[in-house]
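Undergrad: A single structure is presented below for examination.
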Amino acid sequence: VQLQASGGGLVQAGGSLRLSCAASGRTFNSYTLAWFRQTPGKERDIGAAIRMSSGSTYYADSVKGRFTISRDNAKNTVYLQMNSLKPEDTAVYYCAAGRPILSNMDDANLYYYWGQGTQVTVSS
């Protein structure tokens, strides 16, 4: 199983980036795919998650209204559209796959597979 994240980079505050996570090695229709983010010395925190079967989504309060997670089941790919980026969004963003229940989609311990991470840097 492989999760390949891409799309990170350097952007000015107020700008936009789109992350992609391509999953391979198995069918992910029964999984939840999520984007977590991590800064040095801190734990990985949820950004957003989406259930591949139903499209149900979860967003951290810090990204609501600015980030949108979407999926393409045919391509086993999840996207994270990030708008109105802030310097505090700077982090390594990790794609993850698991089967948490809806009320626990923010729990990193419930995700089995992780991608390699992609750096997002937002300058002020």
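Undergrad: Please compute the per residue accessible area over the chain with all protein chains in place, 1.4 Å probe, rounded to a whole number of Å². Don't skip to the end; give the middle numbers.
TA: Numbers: 6120 Å² over 124 residues.
I get 49 Å² per residue for the chain.
Undergrad: Using θ = phi - 60° and the Karplus curve 6.51 cos²θ - 1.76 cosθ + 1.60, what whole-Hz ³J(HN,Hα) does each residue of the stretch 59-76 get, with Gly and Pro shown as x?
TA: Rounded to whole hertz, the list is 10, 5, 4, 5, 10, 4, x, 10, 9, 9, 9, 9, 9, 10, 5, 4, 9, 6.
Undergrad: Something else: Which FRET efficiency, nearest 0.05, do ILE101 and SER16 yield, Cβ-Cβ r, R0 22 Å? Don't skip to the end; give the middle numbers.
TA: Details: r = 32 Å, r/R0 = 1.43.
Efficiency at R0 = 22 Å is approximately 0.10.
Undergrad: Between ASN29 and GLU88, how high is the FRET efficiency from 1/(1 + (r/R0)^6) when r is the Cβ-Cβ distance and R₀ = 35 Å? Nearest 0.05. Mind dumping the intermediate values first?
TA: Values: r = 34 Å, r/R0 = 0.97.
Approximately 0.55, to the nearest 0.05.
Undergrad: For the chain, what % of the accessible area comes from carbon and sulfur atoms, probe 1.4 Å? Write down the numbers at each step before the final one.
TA: Working: 2720 of 6120 Å².
The nonpolar share, carbon plus sulfur, comes to 44 percent.
Undergrad: Between GLN38 and ASP72, what length comes free when the chain is fully extended (0.36 nm per residue of separation minus the Cα-Cα distance, one decimal in nm)? Before the final figure, lay out each step's value.
TA: Working: separation 34, 0.36 × 34 = 12.24 nm, distance 2.50 nm.
Working it through step by step, the gained length comes to 9.7 nm.
Undergrad: Hey, what do the phi angles of the stretch 84-93 turn into as Karplus ³J(HN,Hα) couplings, whole Hz, using 6.51/-1.76/1.60 and θ = phi - 60°, x for Gly and Pro?
TA: 6, 5, 10, x, 6, 7, 4, 4, 8, 9
Undergrad: Another one. Eigenvalues of the Cα gyration tensor times 5, then square-rooted: what semi-axes does that give for the chain, in whole angstrom, largest first? Write out the running numbers ahead of the final one.
TA: Numbers: eigenvalues 98, 41, 37 Å².
The answer is 22, 14, 14 Å, longest axis first.
Undergrad: Now, a different point. What's the local net charge at PHE28, with K and R +1, D and E -1, over the other residues with C-beta under 12 Å away?
TA: Working: positive: ARG26, ARG51, ARG71, LYS75, ARG99; negative: ASP72.
Spelling it out: positives minus negatives among the neighbours equals +4.
Undergrad: Where in the stretch 22-40 does the label zone of TYR112 land, with the point 7 angstrom along Cα→C-beta and an amide N cut-off under 18 Å?
TA: Residues 22-35 fall inside that zone.
Undergrad: While we're looking at this one, here's another question. In a shell of Cβ-Cβ distance under 12 Å around PHE67, excluding PHE67 itself, what net charge do Lys and Arg (+1) and Asp and Glu (-1) give? Provide the component values of the computation, followed by the final result.
TA: Numbers: positive: ARG18, ARG37, LYS64, ARG66, LYS86; negative: ASP61, ASP89.
Net of charged neighbours comes to +3.
The values are calculated or read from the model by the stated rules, or taken from the named source; none is laboratory data. As the structure is a prediction and not an experimental result, all values here were calculated from the model. Glycine gets a Cβ as well: all are built from the backbone with ideal geometry, and neighbour counts include every protein chain shown. When the accessible area is computed, the model is the full protein with side chains, heavy atoms only, and any ligands, DNA or RNA have been set aside. Shrake-Rupley method; radii C 1.70, N 1.55, O 1.52, S 1.80 Å.
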